[in-house]
Amino acid sequence: MKKTWFNNSARLVAGCSMLALSAGAYAQSADSDFMLEEIVVTAQKREQSLQDVPISVSALAGDKIKDFAAGGEDIRLLSSRVPGLNAESSNGRVAPRFYIRGLGNTDFDLAASQPVSIVVDDVVLENVILKSFPLFDIERVEVLRGPQGTLFGRNTPAGIVKFDTRKPSQEPEGYVSASYGSLGTASVEAAYGTGLSDKVSARVSGLYTRRNDWIDNGFSGEDDVMGGFVEAAMRAQVLIEPTDTFDALLNFHYRSLDGTSEIFRANIFDAGSHELNGNFDRDTVYHDDTHNNTQSYDSWGASAKLVWDFGDDMTLTSVSAYETTKGCGIGDIDGGNTGGPGVVPFPSTTEDCIDNLDQFTEELRISGQASDALFYQLGFFYFDSDFTIRTRPFFVPDSTVRHQNQTWAIFGQASYDLNEATTLTVGMRYTDDEKTADAYSGAFGSALPTVELNGDNLSWDIALNHIINDDLSVYARVATGFRAPTIQGRDVAFFGVPTTAKEETIISYEAGFKADLVEGRMRWNGAAFYYNMDDLQVTAVGGGNNNVRLLNLSRVEGYGFETDLEFLVTENFTVTAGASYAHTEIFAKGVRVPVCGTGMCTPTDPLDAKGRAIVHGNPLPQAPDWTFNFTADYTAPMGDDSEFFAFADWAYQGDTNLLLYAAEEFQTTGTFELGLRMGYRWADGRYEAAVFGRNLTDEKNVKGVIDFNNLTGFVNEPRVIGVAFRADF
């Protein structure tokens with residue numbers, strides 16, 4: 001069977017449906033005048049209906065990205081807009097940190113390891129800088145919850161966020177969109193694809209987005225010196241189909257970013273309170289450093305996906321990819337100056353750079369329908385990464401840590417139809433992982449001994465999917481996964497040595513349902529989960545001594561649920577709703593964590609004789625107990641070929657502990673953001689003019705804190721209101 005690439009007619013509508021002139025989010029059936037379209041995902045590395053996949057998956061159509069990103073937001077815009085997903089960064093538009101079902105890592109270092117993997121067009125992006133590649137010309141986003149160790153490998157014990165871009169086709173098609181809003185926020189995105197011959201098609205897309213500097217430095221007296229950015233990215237793809245049995249998809253992409261790193265704000269809490277105090281001013285900071293938190297990064301990569309069809313329902317797939325990036329970012333970490341506001345004991349500006357990262361990956365996979373009842377896939381994976389992190393604390397010479405990582409794995413999965421209603425899926429993966437770190441300490445003026453780590457693991461999963469009737473299926477899944485041993489070299493720059501953590505392992509139990517209701521107009525999916533993780537890798541960041549130390553928590557438990565619903569109320573009105581609950585608890589009686597400087601904050605954990613927090617019983621950091629999201633999409637026909645539309649979205653995050661230890665100041669509760677987009681489409685939806693608002697109520701939501709010097713924090717993006725235009729052709 002010849003492989004079929006996703007094309008325009010197959011574009012799915014997920015998360016929020018586009019209606020009427022907007023791409024046909026509903027279909028007609030004999031039972032109803034209109035119904036939701038089927039959602040097709042590749043969560044198991046093959047095209048399947050979302051309702052047939054025995055995994056907790058949320059899918060979001062790429063067309064919704066433009067709504068969420070209208071104010072210049074980056075990949076963190078997905079936070080809380082998918083049940084159970086959180087995302088934040090203390091490095092601005094680079095180095096995002098993702099959390100699924102409460103599992104993540106708060107480590108801010110550019111070499112940090114994360115338990116949520118980012119996969120773009122079948123290529124894993126391991127380094128945190130690579131994970132921040134801008135979102136444009138996206139076909140769909142899939143969030144896979146729970147361990148994905150069989151098909152996607154190590155460093156996926158929490159799950160993966162999977163992006164698929166729009167691919168070339170023979171049909172001429174493209175678009176251009178532009179927006180402009182407050183703070184000088186502007187964006188232009190364009191794409192065009194067509195057949196170059198009957199055997200070759202191509203697609204080129206690009207994004208340019210910027211924001212003016214809008215934050216004043218009250219210390220230096222300079223106006224509008226921080227907060228801006230200029231980001232450009234492009235992607236070129238060529239699909240070659242020389243025969244009916246071979247396809248080659250070639251991909252090249254590039255990204256350049258210049259702007260402001262995260263803005264740290266000194267003493268924005270009063271001792272004993274997590275509410276923002278009078279020192280907080282979104283438009284002004286008091287940094288005594290003259291660098292104004294600049295950052296600059298450049299990245300590019302290329303991949304080749306080759307697919308051979310051998311007949312007899314057997315396919316061989318090869319995905320080869322290379323990624324590279326380099327750049328630097330400066331942060332005034334204390335967020336202020338020794339003269340105020342509040343007390344800043346000493347300056348702590350730091351620059352971090354990643355020098356010439358090289359990542360190469362190769363995956364070979366053979367798959368096929370062995371019989372009417374049995375589908376299988378077998379594969380080999382290889383990963384090689386080499387990069388150097390350079391840190392300049394501004395009080396000692398530069399320190400460097402060169403990180404090298406080689407991994408290989410073999411894997412297999414089989415799905416067998418036990419009968420017409422029940423399918424059993426089993427999978428297994430063996431992984432071998434090796435890491436080394438060579439460090440030079442500027443503080444000591446000498447090289448440190450090489451650190452070497454080796455680990456291997458056998459991961460597996462088993463799932464059972466049962467179709468109760470045409471509209472309802474249930475499933476159960478047990479899965480294991482692991483994160484490879486990790487090296488953290490951050491303390492080398494601060495008179496320390498690298499620290500290590502052994503591999504973490506997880507076993508996860510999940511049961512769920514997937515239902516199509518109201519004659520195909522409602523889709524309701526849900527899952528409940530429980531996991532037990534041994535030796536969870538976490539990073540103890542900060543404290544009065546400003547340590548960055550890797551450690552293992554002996555055991556962590558988590559349980560909860562997530563659910564999402566999409567309802568086509570009428571032909572012109574769609575609502576979606578999502579909710580998740582995650583209870584996480586640390587079981588590690590022997591772990592002690594340094595807390596903030598004496599008298600600076602109010603720890604609520606028990607303290608040992610040395611004043612260190614006992615974190616046993618705490619929730620995981622950046623693990624909200626509840627998340628909710630809601631959207632409403634309404635269209636009103638204005639004639640045969642035009643319509644008015646309005647789209648509103650709301651995302652909420654519940655109680656969240658921001659650090660590994662608990663303190664009155666370092667927590668958030670009840671934070672939310674509201675977005676709105678409304679306008680007019682005409683010429684059968686080919687043209688669109690709109691007004692939009694992101695963070696419409698200008699909520700000041702704390703996203704993270706720094707505890708070693710003063711009560712420093714950083715917040716979400718400001719309100720942006722603007723206008724937008726789009727043309728499809």
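The values are calculated or read from the model by the stated rules, or taken from the named source; none is laboratory data. Only a predicted model underlies this, so the values are computations on that prediction, with no experimental measurement involved. Cβ sites come from the backbone with ideal geometry, for glycine too, and all protein chains shown count toward neighbours. For accessibility, only protein heavy atoms count, side chains too; no ligands or nucleic acids. Shrake-Rupley method; radii C 1.70, N 1.55, O 1.52, S 1.80 Å.
Here are the numbers:
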read-out: Test: Q537 is buried (at least 17 other Cβ atoms within 10 Å of the Cβ), in a strand (DSSP E or B) and under 22 Å from the mean Cα position of the chain (by Cα); value: yes
read-out: K514 under 19 Å from F381 (Cβ atoms) and in a strand (DSSP E or B); value: no
read-out: Among residues of the range 278-292, those that are in a loop (DSSP other than H, G, I, E, B), within 22 Å of S348 (Cβ to Cβ) and open to solvent by 20 Å² or more (accessible area, probe 1.4 Å), counted; value: 9
read-out: Single unsatisfied condition, S296 versus (1) part of a strand (DSSP E or B); (2) closer than 25 Å to R719 by Cβ; value: (2)
read-out: Residue check for S399: in contact (Cβ under 8 Å) with a residue 60 or more places away in the chain and closer than 30 Å to T317 by Cα; value: no
read-out: Residues of the range 379-410 satisfying the condition of being open to solvent by less than 10 Å² (accessible area, probe 1.4 Å) and over 20 Å from L130 (Cβ atoms); value: P393, S399
read-out: Candidate set: the range 562-602, residues that are open to solvent by 40 Å² or more (accessible area, probe 1.4 Å) and under 19 Å from F666 (Cβ atoms); chosen: the one nearest to the chain's Cα centre (by Cα); value: E585
read-out: Verdict on V94 being closer than 27 Å to A515 by Cβ, β-branched (V, I, T), touching a residue at least 40 places away in the same chain (Cβ under 8 Å) and part of a loop (DSSP other than H, G, I, E, B); value: no
read-out: Hits in the range 324-336 (condition: open to solvent by 10 Å² or more (accessible area, probe 1.4 Å) and touching a His at 6+ places or on another chain (Cβ under 9 Å)); value: I330
read-out: Condition check for G174: more than 15 Å from the chain's Cα centre (by Cα) and either farther than 15 Å from A623 by Cβ or of a type in the set (A, V, I, L, M, F, W, C) (or both); value: yes
read-out: Criterion: open to solvent by less than 10 Å² (accessible area, probe 1.4 Å) and aromatic (F, W, Y) - qualifying residue of Y254, Y297; value: Y297
read-out: Scan of the range 87-121 for residues that are under 17 Å from P485 (Cα atoms) and either in contact with an Asp or Glu (Cβ under 8 Å, 6 or more places away or on another chain) or of a type outside the set (A, V, I, L, M) (or both), ordered by number; value: G104, N105, T106, D107, D109, L110, S113, Q114, P115, S117
read-out: Enumeration of residues in the range 305-353 that are farther than 28 Å from F229 by Cβ, of a type in the set (S, T, Y) and in contact with a Ser or Thr (Cβ under 8 Å, 6 or more places away or on another chain); value: T315, T317, S320
read-out: Qualifying residues in the range 696-715 (those that are farther than 23 Å from F346 by Cα and not in a loop (DSSP other than H, G, I, E, B)) - the one most open to solvent (accessible area, probe 1.4 Å); value: K703
read-out: Matching entry among V225, V204 (being open to solvent by 50 Å² or more (accessible area, probe 1.4 Å), at pLDDT 95 or above and not small (G, A, S)); value: V204
read-out: Residue within the range 279-297 that is at positive phi and small (G, A, S) present; value: no
read-out: For P341: the one exception among (1) more than 25 Å from the chain's Cα centre (by Cα); (2) within 17 Å of I263 (Cα to Cα); (3) assigned to a strand (DSSP E or B); value: (3)
read-out: Residue that is in a strand (DSSP E or B), open to solvent by 10 Å² or more (accessible area, probe 1.4 Å), in contact (Cβ under 8 Å) with a residue 12 or more places away in the chain and out of contact with any Phe, Trp or Tyr (no Cβ under 8 Å at 6 or more places or on another chain), where the choices are D198, D216; value: D216
read-out: Residue within the range 163-182 that is assigned to a loop (DSSP other than H, G, I, E, B), modelled with pLDDT of 95 or more, at positive phi and crowded, with 21+ Cβ neighbours inside 10 Å present; value: no
read-out: Subset of the range 588-629 [modelled with pLDDT of 95 or more, closer than 23 Å to R97 by Cα and part of a strand (DSSP E or B)]; value: W626, T627, F628, N629
read-out: Within the range 400-425, considering residues that are of a type in the set (A, V, I, L, M) and more than 31 Å from the chain's Cα centre (by Cα), the one nearest to Q48 (Cα to Cα); value: A421
read-out: Condition met for N465 (touching a residue at least 40 places away in the same chain (Cβ under 8 Å), surrounded by 23 or more Cβ atoms within 10 Å (Cβ to Cβ) and in contact with a Ser or Thr (Cβ under 9 Å, 6 or more places away or on another chain)); value: yes
read-out: Qualifying residue in the range 300-320 (condition: assigned to a loop (DSSP other than H, G, I, E, B) and either surrounded by 17 or more Cβ atoms within 10 Å (Cβ to Cβ) or free of Cβ contacts under 8 Å to residues at least 24 places away in the same chain (or both)); value: no
read-out: Qualifying residues in the range 86-118 (those that are among the acidic types (D, E) and closer than 23 Å to M533 by Cα) - the one modelled with the highest pLDDT; value: E88
read-out: Residue selected from the range 345-376 under the condition out of contact with any strand residue (DSSP E or B) (no Cβ under 7 Å at 6 or more places or on another chain) and in contact (Cβ under 8 Å) with a residue 12 or more places away in the chain, by the criterion surrounded by the fewest Cβ atoms within 10 Å (Cβ to Cβ); value: D372
read-out: Residue selected from the range 468-479 under the condition assigned to a strand (DSSP E or B) and open to solvent by 20 Å² or more (accessible area, probe 1.4 Å), by the criterion nearest to N552 (Cα to Cα); value: V478
read-out: Selection from the range 71-91 of residues that are assigned to a loop (DSSP other than H, G, I, E, B), open to solvent by less than 10 Å² (accessible area, probe 1.4 Å) and small (G, A, S); value: G71, G72, S80, S89
read-out: In the range 223-241, residue nearest to F163 (Cα to Cα) [restricted to those that are acidic (D, E) and without any contact (Cβ under 8 Å) to a residue 60 or more places away in the chain]; value: E241
read-out: Candidates A609, A646, A632, A636, filtered to the one that is surrounded by fewer than 19 Cβ atoms within 10 Å (Cβ to Cβ) and without any contact (Cβ under 8 Å) to a residue 12 or more places away in the chain; value: A609
